[in-house]
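Asker: Here it is, the structure, as structure tokens.
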Amino acid sequence: MQQVLVTVSGPDTPGITSALTRVIADNHARLLDIEQVVVQRQLTLCLLVGVDPAPSAGEPVLKDLLFTANRMGLELQFHAFESNPVAAIGHREQPSRYYVVTAIGDGLDSRGLSVLADTMAQNGANIDRIRRLSGKQLDSVEVIVALPNGAAQATALRNALLTATADLDVDIAVQREKLTRRSKRLVVMDMDSTLIQIEVIDELARLHGVGEEISKITAQAMAGDIDFEQSLRARVGLLSGMSYEQVQSLARDLPVTQGAREMLHVLHTLGYKTGVISGGFTFAANALRDQLELDYAYANELVVRDGKLTGELEDPIVTPQRKADLLDTIAQREGITLEQTIAVGDGANDLAMLTRAGLGIAFHAKPKLKKAADTAVSAGGLDRILYLLGLNARDISELLESNHQNSA
């Protein structure tokens, strides 16, 4: 059987696919593959047709296809293969070697896309499919690429893309293109400077008049002079004597990060479990759990006696390692594999959690964490994370609208 690739293009109207496939069926030819894309109401439809290889035997179906396309105001081209094409449309000879590159950012103009395409070509990545994820503005695309050398090549490609886009406003993710990418089931987030826009301990320090002292300890921790637990205990010690009523007042108006509510609405509608795992404090984490309808909230418990902070913490402390362990615990409790989990954070103390998750996302983070994480979101809101799940703007809008109607 000879294979003929038929490419049809023109204005998209109802009935095109129906008419052309009917021609193929009526002529007793075989439809071997099909793929279609519509951009700005202009259709490109590809049909791989199997015809009798005898001279002129396949001509009737091709003539009828050409006549039907012309009648519908479409252009049609043929390309015959002497043997089976190496890469038929949608063909997956080695599915384990297909990866999805997601690019997110305001720098996705012609230059940005040119840089992406050039870097992929230079690193041996063959583009199989490109799909825009964002709405009216081109600020997110998904590119499916074939990588002959699998995981090692994927790592090299991501590093090359990060280097190539360093001066552009673009974030890059490279993930295996398989079912588990689109079947994530659990998202956990850090709290301070991730789910909310403030560092709670800094706000408590300001209210208690010890902001400068706590800032010095924070700087020591950032410099690596003391570890996270030492830093935390030292800073909390400076809050001794603070009224717990004053502490709780801070939880009444926590500034939730842009896009967080929209992201969580979509995730909850899709059946995801969500949680906050924080090295901060339970009074704030629990308030967010109730306000945002999170399934889990873990943080450090401040010791209160006679209505005032003692400057101590209940054990165990939520250290960086405990963050990773808590992610594991939640996943096991929910019967979810770690590959189906996502962790989001902004600081070095989130690294173990991000590494443990199936997808670790550095959100508005320092360069060191961005490089170590699977991917980063450096601008915009938390809702941009939804693009990494393969959702496009239309999917997100429909889910948000559905949620709005259900709550009305």
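The values are calculated or read from the model by the stated rules, or taken from the named source; none is laboratory data. Keep in mind the model is a prediction, meaning the values are calculated, not measured. Cβ: placed from backbone, ideal geometry, glycine included. Neighbour counts: every protein chain shown.
Asker: Could you tell me which of the residues Leu359, Leu382, Leu388, Leu351 is within 22 Å of Ala164 (Cα to Cα) and surrounded by 21 or more Cβ atoms within 10 Å (Cβ to Cβ)?
Answerer: From the options Leu359, Leu382, Leu388, Leu351, the qualifying one is Leu388.
Asker: Condition first: more than 20 Å from Ile385 (Cβ to Cβ) and either aliphatic (A, V, I, L, M) or outside the structural domain of Leu351 (by TED's automatic domain parsing) (or both). Now tell me which residues in region 269-323 satisfy that.
Answerer: Ala284, Ala287, Ala299, Leu302, Val303, Val304, Leu309, Leu313, Ile317, Val318
Asker: Go through Ser110, Ser193 for me and flag whichever is closer than 30 Å to His268 by Cα and among the small types (Gly, Ala, Ser).
Answerer: Ser193
Asker: Kindly indicate which of Glu245, Glu262, Glu293 is of a type outside the set (A, V, I, L, M) and buried (at least 16 other Cβ atoms within 10 Å of the Cβ).
Answerer: Going through Glu245, Glu262, Glu293 in turn, just one is of a type outside the set (A, V, I, L, M) and buried (at least 16 other Cβ atoms within 10 Å of the Cβ): Glu262.
Residue-by-condition table, conditions (1) modelled with pLDDT of 95 or more; (2) acidic (Asp, Glu); (3) outside any loop (DSSP other than H, G, I, E, B):
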{"site": "Val304", "(1), (2), (3)": "yes, no, yes"}
{"site": "Val318", "(1), (2), (3)": "yes, no, no"}
{"site": "Gln332", "(1), (2), (3)": "yes, no, yes"}
{"site": "Asn349", "(1), (2), (3)": "no, no, yes"}
{"site": "Ile361", "(1), (2), (3)": "yes, no, yes"}
{"site": "Lys370", "(1), (2), (3)": "no, no, yes"}
{"site": "Ala379", "(1), (2), (3)": "no, no, no"}
{"site": "Leu399", "(1), (2), (3)": "no, no, yes"}
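Asker: Do the conditions hold for Ile342, that is, is it closer than 27 Å to Leu133 by Cα, β-branched (Val, Ile, Thr) and not in a helix (DSSP H, G or I)?
Answerer: Answer is yes for this residue.
Asker: Tell me whether region 214-227 contains one or more residues that are assigned to a helix (DSSP H, G or I), within 19 Å of Ala251 (Cα to Cα) and out of contact with any Leu (no Cβ under 6 Å at 6 or more places or on another chain).
Answerer: For region 214-227, residues assigned to a helix (DSSP H, G or I), within 19 Å of Ala251 (Cα to Cα) and out of contact with any Leu (no Cβ under 6 Å at 6 or more places or on another chain): absent.
Asker: Inspect all residues belonging to region 18-31 and state whether any of them is hydroxyl-bearing (Ser, Thr, Tyr) and either part of a strand (DSSP E or B) or assigned by TED's automatic domain parsing to the domain that holds Ile130 (or both).
Answerer: no
Asker: Now for a different question. Quick one: which residue in Leu108, Leu138 is surrounded by 15 or more Cβ atoms within 10 Å (Cβ to Cβ) and closer than 15 Å to Ala164 by Cα?
Answerer: Every option except Leu108 fails the conditions.
Asker: Val266 is checked against (1) in a loop (DSSP other than H, G, I, E, B); (2) under 30 Å from Leu391 (Cβ atoms); (3) of a type in the set (A, V, I, L, M, F, W, C) and fails just one. What number does that condition carry?
Answerer: Just one mismatch for Val266, condition (1).
Asker: Would you check if Arg322 is among the charged types (D, E, K, R) and buried (at least 18 other Cβ atoms within 10 Å of the Cβ)?
Answerer: So Arg322 fits the description; yes.
Asker: Please specify each residue of region 143-158 satisfying the condition of being buried (at least 22 other Cβ atoms within 10 Å of the Cβ) and not in a helix (DSSP H, G or I).
Answerer: Passing the criteria: Val145, Leu147.
Asker: Suppose we keep only residues that are charged (D, E, K, R) and surrounded by 15 or more Cβ atoms within 10 Å (Cβ to Cβ) within region 111-135. Which one would you say is nearest to Arg394 (Cα to Cα)?
Answerer: By that ranking, first place goes to Arg132.
Asker: Report the residue count in region 352-381 for those that are charged (D, E, K, R) and touching a strand residue (DSSP E or B) at 6+ places or on another chain (Cβ under 6 Å).
Answerer: Final tally of qualifying residues: 2.
Asker: Go through Ile144, Ile172 for me and flag whichever is over 21 Å from Ala365 (Cβ atoms), touching a strand residue (DSSP E or B) at 6+ places or on another chain (Cβ under 8 Å) and at pLDDT 90 or above.
Answerer: The unique qualifying residue is Ile144.
Asker: Is there a residue being of a type outside the set (Lys, Arg) and within 22 Å of Ala324 (Cα to Cα) anywhere in region 134-155?
Answerer: For region 134-155, residues of a type outside the set (Lys, Arg) and within 22 Å of Ala324 (Cα to Cα): absent.
Asker: Within region 239-277, work out how many residues are more than 15 Å from Ile396 (Cα to Cα), touching a residue at least 40 places away in the same chain (Cβ under 8 Å) and among the hydroxyl-bearing types (Ser, Thr, Tyr).
Answerer: 5
Asker: Within region 79-90, does at least one residue satisfy the condition of being under 24 Å from Asn392 (Cα atoms), modelled with pLDDT under 85 and surrounded by 12 or more Cβ atoms within 10 Å (Cβ to Cβ)?
Answerer: Yes, region 79-90 has at least one match.
Asker: Can I ask one more? How many residues are under 15 Å from Val101 (Cα atoms) and assigned to a strand (DSSP E or B) when one looks only at region 159-188?
Answerer: Adding up the residues that qualify gives 6.
Asker: I would also like to ask the following. I'd like to know if region 145-163 contains one or more residues that are aliphatic (A, V, I, L, M) and in contact (Cβ under 8 Å) with a residue 60 or more places away in the chain.
Answerer: Yes: one or more hits.
Asker: Let me ask you something else. Considering only residues that are loosely packed, with under 14 Cβ neighbours inside 10 Å and touching a residue at least 12 places away in the same chain (Cβ under 8 Å), look in region 1-14 and name the one that is nearest to Lys63 (Cα to Cα).
Answerer: Of everything passing the filter in region 1-14, Met1 is nearest to Lys63 (Cα to Cα).
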